[in-house]
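Participant: One structure, pasted below without further comment.
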Amino acid sequence: MSEAKIIGVGITDFGRFPDLPEEALAQYAIVEALNDAGITAQDVQAFYCGNAIGASLPGQRTLRELHTTGCAVYNIDNACSSGATALNAALTALKAGQYDTVVVFGMDQLSSLGGGPLPLGRNDWNNKRGMIMPALYAMRAMRYVHEHNMSPDTLADIAVKNRSHGLLNPIATFCKATTREEVLASRPIAEPLTLLQCCPAVVDGAAAVVLSTKPIRGAAAPVRIRASVVQSGLFETGHEDMIEAEITARSARMAYEQAGIGPQDLSLIECHDAFTISELLYYEALGLCGRGEAPQLLASGATTLGGRIPVNPSGGLIAKGHPPGATGVAQIVEVCEHLQGRAGKRQVENARFGLTQVTGGGIWGVDHAACSIHILSL
Amino acid sequence: MKLKRRTSAHFRQTEAGMLLIATRTARHPQLQFPPLEFVHDDEPVEEVVIGPQGTLYTYTIVHPGKNSEPYALAMVDFEPNVRAFGCLILDSGNAPKIGSAVRVVPFDMADGTADYAFAAVPGVQ
């Protein structure tokens, strides 16, 4: 049996489209991906849908008007890791020989929700006492500042960097250039995080990829999935290290082992920069630098486009926004475009290996509820 | 089906101060707070009081928006090896330093339910 590869990608603009339901956005991404792959919906044997916020049966709601064949539809909710988890599940099925061609898509439409941070479970112990997602990350930031004597202003540089990348990304409709001063002067959300250090949460979007073990029919080079990892958070109730990003570090070790490479081999990374502190912690958890060295790595320019290991060349969640179900698949699309030489003005030169990392879910007792990491190459 | 909900309080007032109630079981010997809520098969649950003082591990001050007052949240470490989350009472808008001692104090939740929060220990910065 041939290796499963990504043979087509599609993605919508990321923005606010209150008149466009998530089904329409997902249909667009799916049709783009099918055209990119040179196949039709009738060639697809199963669909895997990542969706976190929408109503039930998101996959079927999307696919009915695409006149699919009545094949299997798998709806997957792993919070912000939904789309990437869907890819992992699809890949597992192809490796098992259950299917030879599937579509993985992720979608969410939040502009109809009215604004504010992503809703968390109302019965959660922490949430009943005022926890919101920005606050959890803000506490990580406060601890990092305390342990490593970092100026909290450094966090603003992540937002400046990622927005500068996002200006080069046609789908990042939200993105505006910002300065460090503007980021720091924006409204406080949860100290030390200000508004412009938080990804826009009220954003709509969808992304899709076609996976197949069959010979390609599209024009773009097929992309190999060298590693695909999904992990859940460990239940931690003791004096845990909140800035270790445990689930990401654990998932990354597994991914590097699967792919047979190390962080030094990576050409680019798309990571879950829901808040500026997130990206900083993930530099360390992904092994790009040692403990406490993330600020220096950022300051060196290594993670900026043109640097040694660009992180979030798409602009990341901070520049594009974060429709949770779509984000994981959108990261995959981004890395594919760089590997295939189709990333336009934000192209990472000579891209060989790309890593995507997405985490999901704020529930008490775990670092994150879910994490998914993929490593791709040609 | 043997599945029971525990209704024991998660805090206790004493002369020494307010204490929190953590729990552990034979299957899960690591202390946890909040205490275990559901018990399977009549499994014995050991209650362990923690407090009245802990160490501030980290905190943040949340700014909900124009029409709401800021509020503070904290993670506090207690011995033996258990961490608790809760509201943090600020002193004139200032938070205690990370690493300083904080104590458990009575605090009502938004719906009026009696609950707990953390506050600086008097005389400790």
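The values are calculated or read from the model by the stated rules, or taken from the named source; none is laboratory data. A quick note: this is a predicted structure, and the numbers were derived from the prediction, not measured. Cβ placement follows ideal geometry from the backbone for every residue including glycine, while neighbour counts extend to all protein chains displayed. Each accessible area value is taken on the protein alone, full model and side chains, heavy atoms only, with ligands, DNA and RNA left out. Shrake-Rupley method; radii C 1.70, N 1.55, O 1.52, S 1.80 Å.
Participant: Determine the relative contact order of chain A: mean sequence separation of Cα pairs under 8 Å and six or more apart, normalised by residue count, in whole percent.
Facilitator: Rounded, it is 27 percent for chain A.
Participant: Moving on to the next point. Counting only protein heavy atoms and a 1.4 Å probe, tell me what percentage of chain A's accessible area is made up of carbon and sulfur.
Facilitator: Exposed carbon and sulfur together represent 51 percent of the surface.
Participant: I'd like the trypsin sites (Lys or Arg not before Pro) in the stretch A:68-164 restricted to DSSP loop residues with at most 10 other Cβ atoms within 10 Å, sorted by number.
Facilitator: Answer in residue order: A:Arg122.
Participant: Taking the simple approach of a point 7 Å from Cα along Cα-to-Cβ for both A:Arg352 and A:Gln98, what is their distance in nm?
Facilitator: Label at A:Arg352, label at A:Gln98, 3.5 nm between them.
Participant: Could you give the angle, 0 to 90 degrees to the nearest 10, between helix A:276-285's Cα long axis and the longest principal axis of the Cα atoms of chain A?
Facilitator: With both axes taken from Cα atoms, the answer is about 80 degrees.
Participant: OK, next. Where only protein heavy atoms count, and the probe is 1.4 Å, what is the accessible area per residue for the stretch A:63-183 in Å²?
Facilitator: On a per-residue basis, the stretch A:63-183 sits at 42 Å².
Participant: Any idea what the alpha-carbon Rg over 2.2 N^0.38 Å comes to for the protein assembly as shown?
Facilitator: So the protein assembly as shown has a normalised radius of gyration of 1.00.
Participant: Right, here's the next one. Which entries in A:Lys5/A:Lys161; A:Lys320/B:Lys97; A:Lys161/A:Lys345 show an alpha-carbon gap greater than 27 Å?
Facilitator: A:Lys5/A:Lys161; A:Lys320/B:Lys97
Participant: Once you order the gyration tensor axes a ≥ b ≥ c over the Cα atoms, which shape class does the stretch A:237-281 get: rounded for a/c under 1.5, otherwise prolate or oblate by comparing a/b with b/c?
Facilitator: oblate
Participant: Right, something else. Kindly express, to the nearest 10 degrees and within the range 0 to 90, the angle between helix A:246-259's C-alpha long axis and the longest C-alpha principal axis of chain A.
Facilitator: 40 degrees
Participant: Let me ask something else about it. Normalise the Debye intensity by I(0) for the stretch A:160-318, one equal point scatterer per Cα, no solvent, then take log10 at q = 0.08, 0.12, 0.18 Å⁻¹ and round to two decimals.
Facilitator: -0.28, -0.64, -1.32
Participant: Between Rg and the Kirkwood Rh of chain B, both from Cα atoms, what is the Rg to Rh ratio?
Facilitator: Using Cα coordinates only, the ratio equals 1.02.
Participant: Can you list the residues in the stretch A:120-154 whose accessible area drops by at least 10 Å² when all protein chains are present, compared with the chain alone? Use a 1.4 Å probe, heavy atoms only.
Facilitator: The answer is A:Trp125, A:Asn126, A:Lys128, A:Arg129, A:Gly130, A:Met131, A:Ile132, A:Ala135, A:Met139, A:Met142, A:Arg143, A:His146.
Participant: Over the stretch A:277-378, with the other protein chains present, what is the accessible area per residue in square angstrom, probe 1.4 angstrom?
Facilitator: Accessible area per residue, the stretch A:277-378: 25 Å².
Participant: Which whole-number value in Å² is the accessible area per residue of chain B, probe 1.4 Å?
Facilitator: On a per-residue basis, 55 Å².
Participant: Determine, from the Cβ-Cβ distance of A:Gln296 and A:Thr40 and an R0 of 41 Å, the FRET efficiency 1/(1 + (r/R0)^6), rounded to the nearest 0.05.
Facilitator: Computed FRET efficiency for A:Gln296 and A:Thr40 comes out at 0.20.
Participant: Compute the angle between helix A:324-339 and the longest alpha-carbon principal axis of chain A, please, reported from 0 to 90 degrees and rounded to the nearest 10.
Facilitator: Taking Cα atoms only, the helix is inclined about 80 degrees.
Participant: Using only protein heavy atoms and a 1.4 angstrom probe, determine the accessible area buried between A and B, summed over both sides, in Å² to the nearest 100.
Facilitator: The A and B chains share an interface burying roughly 2600 Å².
Participant: Compute the accessible area of each residue in the stretch A:326-366 twice, once for its chain alone and once with every protein chain present, using a 1.4 Å probe on heavy atoms, and list those whose area falls by at least 20 Å².
Facilitator: A:Trp364
Participant: Given a 1.4 Å probe and heavy atoms of the protein chains only, how would you sort A:Tyr137, B:Tyr59, largest accessible area at the top?
Facilitator: Heavy-atom accessible area, descending, gives B:Tyr59, A:Tyr137.
Participant: Which residue, B:Ala84, B:Ala110, B:Ala74, has the most motion in a Gaussian network model of chain B that connects Cα atoms within less than 10 Å?
Facilitator: Residue with maximal mean-square fluctuation among B:Ala84, B:Ala110, B:Ala74: B:Ala110.
Participant: Where a ≥ b ≥ c are the square roots of the eigenvalues of the C-alpha gyration tensor, would you call the stretch A:97-177 rounded, which needs a/c under 1.5, or, failing that, prolate if a/b is larger than b/c, or oblate?
Facilitator: It is oblate, given that a/c is not under 1.5 and a/b is not larger than b/c.
Participant: Let me know the longest stretch in chain A that avoids all GluC sites (Glu not before Pro) found in a DSSP loop with at most 12 other C-beta atoms within 10 Å.
Facilitator: A:4-348
Participant: Trypsin sites (Lys or Arg not before Pro), restricted to the stretch B:39-125: which are DSSP loop and have at most 10 other Cβ atoms within 10 Å?
Facilitator: Answer by residue number: B:Lys66.
Participant: Residue by residue through the stretch A:126-136, what is 3J(HN,Hα) from phi via Karplus (6.51 cos²θ - 1.76 cosθ + 1.60, θ = phi - 60°)? Round to whole Hz and write x for glycine and proline.
Facilitator: Whole-Hz 3J(HN,Hα) from phi for the stretch A:126-136: 5, 5, 5, 9, x, 5, 10, 4, x, 5, 4.
Participant: Shifting gears a bit: Could you pull out which residues in the stretch A:314-355 have an amide N less than 19 Å from a spot 7 Å beyond the Cα of A:Ala221, following the Cα-Cβ vector?
Facilitator: So the set is A:332-355.
Participant: Within 10 Å of each candidate Cβ there may be at most 16 other Cβ atoms; applying that plus a DSSP loop requirement, which GluC sites (Glu not before Pro) in the stretch B:32-92 survive?
Facilitator: Those that pass, being in a loop and sparsely packed, are B:Glu37.
Participant: OK, next. What full-extension length gain, to one decimal in nm, is calculated for B:Asp111 and B:Lys4 as 0.36 nm per residue of separation minus the Cα-Cα distance?
Facilitator: Net length gain for the segment: 36.0 nm.
Participant: Taking the alpha-carbon distance from A:Lys95 and a cut-off under 16 Å, which aspartates and glutamates remain once sequence neighbours fewer than 8 residues away in the same chain are dropped?
Facilitator: A:Glu3
Participant: Roughly how many percent of the accessible protein surface of chain B is carbon and sulfur, given a 1.4 Å probe and a whole-percent answer?
Facilitator: Accessible surface attributable to carbon and sulfur in chain B totals 51 percent.
Participant: If amide H atoms are built 1.01 Å from N in the plane of the peptide, which residues on other chains or at least 5 residues away come under 5 Å of the amide H of A:Gly315?
Facilitator: Hits under the 5 Å cutoff: A:Gly166.
Participant: Within 10 Å of each Cβ in peptide A:189-198, how many partner chain Cβ atoms are there on average? Round it to a whole number, please.
Facilitator: 3
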